[in-house]
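Please read the structure below before turning to the comments.
All of the numbers you see were taken from the coordinates with simple rules; none came from a lab. In this text the structure is predicted, and so the values were computed from the model without any measurement. Note that we place each Cβ from the backbone using ideal geometry, even for glycine, and neighbour counts take in every protein chain shown.
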Amino acid sequence: MPSSWRRRGVGRKADSLFAIFAGLCGVLILLVLAYMVISTTGTALPVFGSQGISFITSSEWSPSKGQFGSLAFIYGTLITSAIALVIAVPLSLGVSLFLTEYSPKRLKGPVGYAVDLLAAVPSVIYGLWGVFILLPLFLQPAADFLAKYLGFIPMFKGPASGLSYFGAGVILAVMITPIITSLCREVFETVPGADRHAAYALGATKWEMIRQAVLPRGRAGIVGATMLGLGRALGETIAVALLIGSSVRLDASIVRPGYSMAAVIANQFQEATGDHIRALVGIGVVLFALTIIINMGARALVWRFNRA
Amino acid sequence: MEVQQGVSETLETTCAATRVEERWAGGRVGRGASLKDCRPTRRRIWRNRRNTALVVLAVGLTMIPVVMILYQITAKGITTMDWEFLTSSMPFSFRREGGGFLNGLVGTAIMVGLASAVSIPLGVLAAVYLVEYGKKNWLAKLIRFFSDVMTGVPSVFVGLFVYTALVIQFGFGALMGAASLAIIMMPIIVRSTEEMLKLVPNELKDASYALGAAKWQTIVKVILPSAAPGITTGVMLAVARAAGETAPLILTALGSYQLTGKLWGEPMSALTLAIFDGARNPFAAGQARAWAGALELLIIVLVFTMVARVVVSRSRISR
């Protein structure tokens with residue numbers, strides 16, 4: 001033991017200093033978050049003031065006329081996230097059940113690694129891949145197919161474009177599947193072996209065992225995982241900006257081009273000035289509020305699940 | 001009392017079991033049939049097989065993008081990837097062939113480096129506060145909750161924040177880009193470091209205190225070193241995440257064609273920004289560079305992710 005350790009007094013003072021310093025680092029997080037809200041809201045305030053409630057209820061977006069209604073973008077964000085969830089949740093449940101219940105030992109590692117790898121790929125690479133590979137190969141044909149055979153429903157009305165809500169939703173689904181999968185997997189792994197054996201002992205088939213022992217136990221966790229995936233999908237920017245088609249019009253059909261909140265910020269920011277920038281910051285504030293609500297709900301659910 | 005409760009529980013379980021059996025065996029058990037009639041009905045067997053097939057199908061569908069992305073990024077990137085690409089900056093027109101993303105690579109390195117230099121010490125110290133000092137008091141709970149919230153904040157919003165707080169006054173630059181990346185990295189580091197510090201056994205701390213060490217000495221010389229591999233893992237993942245961020249950099253570093261070392265007053269490029277520009281432009285030469293850049297970025301991100309995994313598997317303290 002170094003002799004300096006034994007000096008009294010110095011240690012005591014250093015101790016409380018260290019504690020205060022560490023505490024300050026923690027408080028810094030709170031301060032940054034608070035300042036984030038204040039600074040952005042403050043910048044957007046003039047636009048909130050001049051547009052009033054029509055900022056979120058109008059879909060009239062023409063910066064040259066000073067009209068900033070972001071309803072079309074809010075709609076775009078919600079519809080692309082919904083499409084992503086519809087595709088990603090069943091896939092994630094399937095993959096996580098495979099990893100916990102079905103997979104032979106040899107496959108568990110590689111499949112798990114592959115899913116983690118999908119989570120590590122940056123969103124700009126998804127965007128690049130989506131635009132140049134997935135668009136001609138799958139998105140455009142699939143959009144054409146939907147418009148041709150289901151076009152009588154307003155939701156799928158043509159003329160179809162691969163660069164659309166649908167295209168952005170598909171790429172989002174690929175991006176959030178690994179997130180939902182890894183959380184669901186953790187949840188399913190906490191189901192006690194005794195529950196499974198009990199179900200088998202009652203004569204259940206494998207699926208009935210999953211239905212009645214695994215899934216009910218993980219319900220809160222599955223909902224929480226889905227909401228975390230949703231939170232990620234709402235805020236995803238670059239891949240969506242490349243694939244959503246960049247149209248400021250609100251279109252009910254999912255195979256038509258549109259815009260999401262994050263995408264419009266990324267795409268219009270570089271040529272925006274004055275009130276246009278303030279309006280984009282305002283969209284950011286709305287997006288922030290939306291994701292915070294979703295995330296807090298998800299955390300509350302996951303926490304409740306962890307405690308139970 | 002307890003026995004009674006136990007009996008009633010058993011009774012309940014038996015009843016539940018009977019109800020379940022009735023359903024599973026297609027109602028035959030209820031009519032007093034023998035045990036061998038309890039074998040699954042054809043419909044149950046079919047449903048079991050169908051769902052197994054669906055699960056396998058889901059895995060197959062999920063593996064398609066993994067294989068496609070890995071293969072196509074490699075195949076398309078490798079054709080443009082050469083020494084020139086790694087060591088020269090972008091030409092001033094997307095139409096021109098040749099040149100590379102050195103400006104982006106340097107920009108990413110500078111900004112991620114600066115962001116790490118700030119967010120790693122701050123994040124680790126905040127985690128130390130949570131585990132060793134705050135524990136379960138209101139402040140620690142608040143910090144824990146809001147750093148969770150912060151991991152879910154869209155990165156584009158972080159960019160907007162830095163734009164309104166710094167860029168409007170000081171202009172675009174590497175420092176502003178680094179600030180946004182630091183804000184993204186910090187909550188990730190806090191939460192992962194906290195998990196690792198919790199795993200340090202109490203015996204180790206007690207031994208240190210028994211030797212007469214003060215609390216800060218115990219933290220610096222015992223707790224942090226023994227949790228180091230786990231902390232490194234979290235840090236690596238945060239670095240990988242920061243290196244792959246694009247949206248906040250559009251609003252803070254802006255991007256540039258030139259190689260620059262100036263930290264402020266001048267826009268700076270990043271690998272992700274260069275790829276984004278390449279993906280948006282209609283010229284073959286620019287797109288080819290974007291693919292090579294994607295390969296470069298993917299390798300960097302995957303190396304960090306893999307190193308993180310290796311480090312954690314070598315750690316002596318684990319879950």
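At-a-glance table
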read-out: Segments A:272-278, B:203-209, A:73-79, B:289-295 sorted - mean Cβ within 10 Å per residue, highest first; value: B:289-295, A:73-79, A:272-278, B:203-209
read-out: Rounded to whole Hz, the Karplus (6.51, -1.76, 1.60) HN-Hα couplings of region B:296-305, x for glycine and proline; value: 4, 5, 4, 4, 4, 4, 5, 4, 4, 5
read-out: Chain A: mean projected area of Cα convex hull, nm²; value: 24.8
read-out: For chain B, the spread of Cα positions along each principal axis, largest first, Å; value: 85, 63, 38
read-out: Distance (nanometres) between label positions extended 7 Å along Cα→Cβ at A:Trp303 and B:Leu70; value: 3.9
read-out: Part-to-part distance (alpha-carbon centres) for region B:153-208 and region A:124-166, which is given in Å; value: 37
read-out: Charge dipole magnitude, Cβ of K and R +1, D and E -1 - chain A, Cα centre, debye nearest 20; value: 1160
read-out: A:Trp61 long-range amide H proximity, modeled H, under 5 Å; value: A:Gly69
read-out: Alpha carbon convex hull of region A:174-308, volume per residue in cubic angstrom; value: 128
read-out: 15 Å reach of a label modelled at B:Ser313, 7 Å along Cα-to-Cβ, counting backbone N of region A:100-138; value: A:106-117
read-out: Cross-link reach list, aspartates and glutamates versus B:Lys215, counting only Cα pairs under 13 Å and skipping chain neighbours closer than eight places; value: A:Asp15, B:Glu132, B:Asp206
read-out: Helix-only mean residue ellipticity at 222 nm for chain B, each DSSP H run of n ≥ 4 adding -39500 (n - 2.57), per residue, nearest 500; value: -23000 deg cm²/dmol
read-out: Distance violations [Cα-Cα > 23 Å] among A:Lys105/A:Lys206; B:Lys135/B:Lys205; A:Lys13/B:Lys141; B:Lys76/B:Lys262; A:Lys108/B:Lys198; value: A:Lys13/B:Lys141; B:Lys76/B:Lys262; A:Lys108/B:Lys198
read-out: Inter-label distance, nm, simple model (7 Å from Cα along the C-beta direction), A:Leu24/B:Lys136; value: 3.0
read-out: Farthest toward positive dipole pole in region A:70-307 [+1 Lys/Arg, -1 Asp/Glu at C-beta], among A:Phe138, A:Pro110, A:Ala213; value: A:Ala213
read-out: Cubic angstrom per residue, convex hull over Cα atoms of region A:179-259; value: 126
read-out: Calculated diffusion of region A:129-242, Stokes-Einstein form, Kirkwood radius summed over Cα pairs, 20 °C and 1.002 mPa s, µm²/s; value: 128
read-out: Gap separating the Cα centres of region A:224-271 and region A:24-53, nearest whole Å; value: 22
read-out: Largest to smallest principal axis extent of the C-alpha atoms in region B:156-230, angstrom; value: 54, 20, 16
read-out: Sorted by Cβ density within 10 Å, fewest first, the residues B:Tyr257, A:Tyr259; value: B:Tyr257, A:Tyr259
read-out: Whole-angstrom Cα spans of the protein assembly as shown along principal axes, big to small; value: 84, 83, 55
read-out: Average beta-carbon neighbours from other chains, 10 Å sphere, peptide B:110-120; value: 0
read-out: Label point at A:Phe138 placed 7 Å out along Cα→Cβ; residues across region B:62-88 whose backbone nitrogen lies under 11 Å; value: B:62-69
read-out: Inverse of mean 1/r across different Cα pairs in region B:91-214, Kirkwood, Å; value: 17.2
read-out: Karplus-derived HN-Hα couplings along region A:65-79 (A = 6.51, B = -1.76, C = 1.60, θ = phi - 60°), whole Hz, x at Gly and Pro; value: 8, x, 9, 10, x, 9, 4, 4, 6, 4, 4, x, 4, 5, 6
read-out: Relative contact order of region B:167-267, defined on C-alpha pairs under 8 angstrom at six or more residues apart (%); value: 57
read-out: A:Gln270-B:Thr79 pseudo-label distance in nm [points 7 Å out on the Cα-to-Cβ vector]; value: 2.5
read-out: Estimated 222 nm signal from helices in chain A, with DSSP H stretches of n ≥ 4 weighted -39500 (n - 2.57), rounded to 500; value: -22500 deg cm²/dmol
read-out: Diffusion coefficient, µm² s⁻¹, Stokes-Einstein with Kirkwood Rh over alpha-carbon pairs of region A:39-139 at 4 °C and 1.567 mPa s; value: 73
read-out: Percent RCO, i.e. relative contact order, over chain B, from Cα pairs under 8 Å lying at least 6 residues apart; value: 23
read-out: Fewest-first sequence of B:Met306, B:Met111 by Cβ atoms within 10 Å of each Cβ; value: B:Met306, B:Met111
